[in-house]
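The values are calculated or read from the model by the stated rules, or taken from the named source; none is laboratory data. In this text the structure is predicted, and so the values were computed from the model without any measurement. Neighbour counts run over all protein chains shown; Cβ positions are idealised from the backbone, glycine included. Ligands, DNA and RNA are stripped out before the accessible areas are found, and what is left, the full protein with its side chains, is counted by its heavy atoms. Shrake-Rupley method; radii C 1.70, N 1.55, O 1.52, S 1.80 Å.
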Amino acid sequence: MAHKRENDYFELLCRQVAHCTEAAGLLQAILADFDPAALQDQLASLHQVEHRADLVKHEMMEKLLHEFITPIEREDITALAQEIDNVTDNIEEVALRAYMYNISAVLPQAVRFGELIGRCCQALEEAMEEFRHFRKSPTLYQKIVALNELEGEGDQLYTQAVRSLYTQATEPAALLAWSALYDQMESCCDACEHVADIVETVVMKNS
């Protein structure tokens, strides 16, 4: 019975991250085939994913309230749940900003950013699947490093994307809107790395 209970938290964390990947897939599709007229409906779909992710987080918090023995420290489970929640929230916020700023067409760097966010979430999902075996996993560290490298790619893409805004003739309103959008896209990659950082800390604390 204890074994099942211990695995519960890892399973819930994996379910939470799966919602991140789902949200990233929706965002990627929105950016790759951008249609301003469809954006409001697409936002509603993204919000449903974010809501399902919240339900998983609440389920986890409810379990923590009633259980005294957990496979890793309670504050680490809470921190992971919160940071994973931040990933989904940040992804939803990209689409929300595109709607609020009335974006009519998407720039090529934004499409690349959407793909990169998808790869970050996929890498995070792979790392989280392996996390349940963290005491004996031969590959978890490499998966964390791979995620860190993707976040580094995000930093480079962000630099290039923002520079291109300021080196091309861009309307002031569009400049502001796209600067904010790129900031938010970079935040998605950063949020994935923050989860990986906590995983790495948990592994070190329990080694």
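For this structure, a couple of remarks:
- Filter result (within 23 Å of GLN156 (Cα to Cα) and not in a helix (DSSP H, G or I)) within region 99-133: ALA105, VAL106, LEU107
- Across region 51-68, the number of residues qualifying as within 15 Å of GLU83 (Cβ to Cβ) and not β-branched (Val, Ile, Thr) comes to 5.
- Any hit, region 56-76, residues being closer than 25 Å to PHE113 by Cβ and at pLDDT 95 or above: no
- Members of region 33-63 found to be crowded, with 16+ Cβ neighbours inside 10 Å, closer than 29 Å to VAL199 by Cα and of a type in the set (A, V, I, L, M), listed by number: LEU46, VAL49, ALA53, VAL56, MET60
- Among residues of region 40-62 that are assigned to a helix (DSSP H, G or I), those with a beta-carbon under 8 Å from a residue that is open to solvent by 90 Å² or more (accessible area, probe 1.4 Å) at least six positions away or on a different chain give the pairs GLN40/TYR99; LEU43/TYR99; VAL56/ARG15.
- Lone qualifier among ILE77, ILE84 - being in a helix (DSSP H, G or I) and in contact with a Phe, Trp or Tyr (Cβ under 7 Å, 6 or more places away or on another chain): ILE77
- Lone unmet requirement of (1) modelled with pLDDT under 95; (2) assigned to a helix (DSSP H, G or I) for LYS136: (2)
- Residue pairs meeting the criteria (Cβ under 6 Å; at least 6 apart or on separate chains; first of a type in the set (Ser, Thr, Tyr), in region 85-109; second surrounded by 22 or more Cβ atoms within 10 Å (Cβ to Cβ) and part of a helix (DSSP H, G or I)): THR88/HIS19; THR88/CYS20; THR88/ALA23; THR88/ALA53
- Just one residue in the set THR159, THR170 is open to solvent by less than 70 Å² (accessible area, probe 1.4 Å) and β-branched (Val, Ile, Thr); that residue is THR170.
- In region 130-145, the residues that are over 19 Å from CYS189 (Cβ atoms) form Cβ pairs under 7 Å with partners that are basic (Lys, Arg) and open to solvent by 50 Å² or more (accessible area, probe 1.4 Å), at six or more places apart or across chains, as follows: GLU130/LYS143.
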